[in-house]
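Worksheet: the structure to be examined is printed underneath.
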Amino acid sequence: MQKFVVILFGVVALALFTFGGSGATTPSAAAAVSPVAVAATAQACNDGQDRSVTIINETGVTMLAFFASPPDVNDWEDDILGDEVIQSYSSFVVNFDDGRCRCIYDFRAVFANEFADDDVVIRNKINVCEISTYRYD
């Protein structure tokens, strides 16, 4: 049985994940999920840009957290995964159409590392209007 979880970012629905029985996404399940529509309290951008991106974890370790913020925001916004984790060789879909009509985001992913503190990978200025997938490997 699959359950659907909508992660809320403030008053804006930001991401939709589909999780199997183990709590992890599967690439085929996540790819089949439509991105969540923006909540009624925020307006979606009507500029024709598709801001849905499938984030793929092919690192061999679990992704513990994922953050995305526009470059001009001083602090990382909320963890998009919330209480969930993304196992290696799994994926999830993020709809960045949160009403701000931005295409450029910085990504911060936190991965489990059994030999040290968690590993943090930061990627700057990702254009979510030009890509449909982003791969960590």
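With protein chains left intact and a 1.4 Å probe, residues in region 59-133 average 51 Å² of accessible area per residue. Extending 7 Å from Cα along the Cβ direction at W76 and again at I122 yields two label points whose distance is 0.9 nm.
The portion of the accessible surface of region 42-85 made up by carbon and sulfur, rounded to a whole percent, is 39 (1.4 Å probe; DNA, RNA and ligands excluded).
Approximating the spin labels as points 7 Å out from Cα along Cα→Cβ, the N113-to-Y89 distance works out to 2.4 nm.
The values are calculated or read from the model by the stated rules, or taken from the named source; none is laboratory data. None of the values given here were measured: they were computed from a predicted structure. Virtual Cβ from ideal backbone geometry, glycine too; neighbours counted across all protein chains shown. Side chains included, ligands, DNA and RNA excluded: accessible areas come from the protein's heavy atoms. Shrake-Rupley method; radii C 1.70, N 1.55, O 1.52, S 1.80 Å.
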